[in-house]
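Any read-out appearing in this document is the output of simple, stated calculations on the displayed coordinates, not a laboratory observation. This is a predicted model, so every value here is computed, not measured. Note: ideal-geometry Cβ built from the backbone for every residue, glycine included; neighbour counts use all protein chains shown.
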Amino acid sequence: MKFQLIFDIAKALLIARWKQTLVAAVGVTFSITMFVALLGFMNGLNNLLDGLILNRSPHVRFFNEIKPNPDQPIEGFYGEGMNIIRSIKPSGGLLKIHNGGAILENLKNDPRVLGVAPKISLQVFYNVGNIDITGVINGIDVQAERSLFAFEDYVTEGNAEDLENISNSIILGKGAADRMLANIGDVIQATTASGDRFRLRVVGYYQSGLQDLDNVQSYASISTAQKMLGEPSNYMTDIQVKLNDFDQSPAFAREMGPIFGTQAEDIQMANAQFETGSDIRNMISYAVGITLLIVSGFGIYNILNMMIYEKMDTIAILKAIGFSGLDVKGIFMTIAIGIGIFGGGIGLFLGYLLSMGIDQVPFETEALPTVKTFPVSYDPKYYIIGGVFSLLTTFLAGYLPARKASSIDPVEIIRGK
Amino acid sequence: MEKKTVLEAKSIHKYFYNPTKAEVLKGLSFSIKAGEFVSVVGKSGCGKSTLLYILSTMDTDYKGELWIDGEPMRKSSPTYLSRIRNEKIGFVFQFHYLLNEFTALENVMIPGLKLGKYSKQELEHKAMEKLRIFDMADHATKKANQLSGGQKQRVAIARALINDPLIIMGDEPSGNLDKKNSDIVFGIFQELAKEFHQTLLIVTHDPDFAAGTDRTITMEDGKILDE
Ligand SMILES: Nc1ncnc2c1ncn2[C@@H]1O[C@H](COP(=O)(O)OP(=O)(O)OP(=O)(O)O)[C@@H](O)[C@H]1O
Ligand SMILES: [Mg+2]
């Protein structure tokens, strides 16, 4: 009952000064629109860039690295410490993961694991006329690569399936293909490190967006790679794991590495810097959005102050007929928050429209073959934050003027006439 | 039967400190009984308005004691005083203090809505009745700033009556009106006193007006000259 009256009086004051109110509301609308669109755009970009790394990378990778033998004979005599005589060099065959098949089974049965993909990396020379171009062929399990790393998204021409359907086939990195003038359907020659020559049919191009990668990396099925190396079908050099929970990857790597007797690298160790980039981009967009809101807050503050100055008489009458300071404060807070809800609500809606607009803008770049328009995030989080902020600023901007109004002395106004 | 005392003031002192310390009210004491029509007269600047602001509880910066309806006002909280003003005092100013954002009818209803004793429908009915008494029913839906001065003052009086106050206070309520309109306002007060036994305390400059009231308090230089 009483709030209804306060609300009605606030509404009447608002309508009586609707032009000023509109200006104040437009300020809030503008800043919320920009806030939501900016954060949506920034985070769309962030997600895209993160995805570039995250989607392509295993959470944990098991592999063997060529390292010097950790047991150097001198330590047997002098113990640990600064022993600078080291003699035992790395020995061959270390790249192979022992018991690969068993490890794969073991990982597949682990409840924390989303999926597993074995891989073979092999160094080759592509023989182009008289010259040899170095390259790396990744022998992959096409099905697993597709489901875990969206492999087919990066096969810009040709068909990823063909790797398994056509024997001795290869998907060339776009950079490497361009250098070799290799078209789809052509047959190229590759020489392995041990000197064996193979003829491989090109069935597609691979383009990741990272130039260095595309110049070197090519893909073949894991069985083709095993054939090239002359290894049996349980040979693999890498086991890539995706976990259900991304954040568990460091712990998982630490736990399983020693058990399997391999190196275990987790994604956070491998890409320590990428989180920092997203955080900073986020911070910048919040800073810009909040600055806009503060500016609009000053607008509201000004307009309420002006309104109170104009409505001195009204305030004096209200107090004379029995409204308390608290009631008067409530009236002006209602006005401020009304502007916030109205302006902010429209701002959220326009922000959504603007996001959809940005989403339509073509954005095609060589580096990002899967992206056709600007990426935009519609995460409701930003709309909630925007809404809360608009209420918060209008509340703060309204508080001081409302307090001033509540402390107006009616006697002074009435006597002043 | 002894009539109830509506308002009692005991040695009211009021000082202003700006520009220099000045004692404007110098120990006023008097009381008003239920149903009395009292007028206050005195030279300009003798402190009539100052006294009225204190009696209406809007000014709390004074020395002395004030009882309204038997309750001491001296130590009450501002919120409580607001309630007293809303419930027990009807105030009519010299200038027509109406809320220009609202219609005449709404202006009359607002103190009633604030009190919350009656429903909106009941109040609308009541307010219409008051406006009808003052011949203002036809103008009920006009915005306050569309009314003439005399009409505004009649609406203001109707507003002062809406909560059936214990006492109506007026500070030269007809001071800003022409002869015809001030006669109308005076007639209204007479009618309220006679027919409805309304207690009234009205500051005036008009000797004819004062002569028509039950009792006249004459002030001079911050004191009551005679009763
Ligand atoms: N805020 C103030 N500060 C200082 N002095 C004041 C203030 N308000 C009123 N006064 C002084 O107090 C005295 C009484 O003023 P008040 O308004 O009560 O007179 P009044 O009897 O109502 O006069 P009038 O008949 O002209 O309305 C005057 O001398 C006035 O100058
Ligand atoms: Mg006066």
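Miscellaneous remarks
- Working value for segment B:80-177: equivalent-ellipsoid semi-axes of 19, 17, 11 Å, each the square root of 5 times a Cα gyration tensor eigenvalue, largest first.
- Highest average packing first - B:64-75, A:334-345, Cβ atoms within 10 Å: A:334-345, B:64-75
- Three-way shape label, segment B:43-115, alpha-carbon gyration tensor, a/c 1.5: oblate
- In terms of surrounding Cβ atoms within a 10 Å radius of their Cβ, A:PHE323, A:PHE252 rank from fewest to most as A:PHE252, A:PHE323.
- Square roots of 5 times each gyration tensor eigenvalue, C-alpha, chain B, largest first, Å: 28, 20, 17
- Based on the reciprocal of the average 1/r between different C-alpha atoms, the Kirkwood radius for segment B:1-93 equals 14.2 Å.
- Rounded to the nearest 10 degrees, the angle from helix B:104-115 to the longest Cα principal axis of chain B is 60 degrees.
- Of the DSSP H helices in chain A, those whose Cα atoms cover at least 27 Å axially and whose Kyte score averages 0.0 or more: A:18-54, A:272-310, A:325-360, A:380-406
- Distance between modelled label sites at B:GLU71 and B:LYS21, nm, 7 Å Cα→Cβ extension: 3.4
- Ratio of Rg to Rh for segment A:320-383: 1.40 [Cα atoms; Kirkwood radius as inverse mean 1/r over pairs].
- Dipole in debye (nearest 20) - the protein assembly as shown, about Cα centre, beta carbon charges: Lys, Arg +1; Asp, Glu -1: 2260
- Relative contact order [Cα under 8 Å, 6+ residues apart], chain B, whole percent: 29
- Once Rg and the Kirkwood radius are both taken over the C-alpha atoms of the protein assembly as shown, their ratio Rg/Rh works out to 1.35.
- Using the Karplus relation 6.51 cos²θ - 1.76 cosθ + 1.60 with θ = phi - 60°, the per-residue 3J(HN,Hα) values for segment B:27-33 come to x, 9, 9, 5, 9, 10, 9 Hz, with x marking Gly and Pro.
- Cα-based reach from A:LYS242 at 23 Å (exclusive), listing lysines while leaving out same-chain residues under 8 positions away: A:LYS96, A:LYS108, A:LYS119
- Straight-distance crosslink candidates among aspartates and glutamates, where the alpha carbon sits under 13 Å from A:LYS227 and sequence neighbours closer than 8 are dropped: A:ASP196
- Tensor-based shape of segment B:124-216 (alpha-carbon gyration tensor, a/c under 1.5 rounded, otherwise prolate or oblate): oblate
- 0 to 90° range, to nearest 10: angle between helix B:120-133 axis and chain B longest Cα axis: 80
- For chain A, a Gaussian network of Cα nodes joined below 10 Å ranks A:ILE137, A:ILE280, A:ILE294 by mean-square fluctuation, and the top entry is A:ILE280.
- Positive-end residue, chain B charge dipole about Cα centroid, Cβ charges, pick of B:ALA144, B:THR20, B:SER31: B:THR20
- Three-way shape call for segment B:165-227 based on the alpha-carbon gyration tensor, with the a/c threshold at 1.5: oblate
- Kirkwood hydrodynamic radius (C-alpha pairs) into Stokes-Einstein, segment A:215-315, 4 °C and 1.567 mPa s, D in µm²/s: 64
- For chain A, built as a Gaussian network whose Cα springs stay under 10 Å, the top-fluctuating residue of A:ASN282, A:ASN168, A:ASN99: A:ASN99
- Base-10 log of normalised Debye intensity for segment A:95-211 (one unit scatterer per alpha-carbon) at q = 0.21 Å⁻¹: -1.23
- Under 14 Å, Cα to Cα: Lys pairs in segment B:6-61, sequence gap 8 or more or different chains: 4
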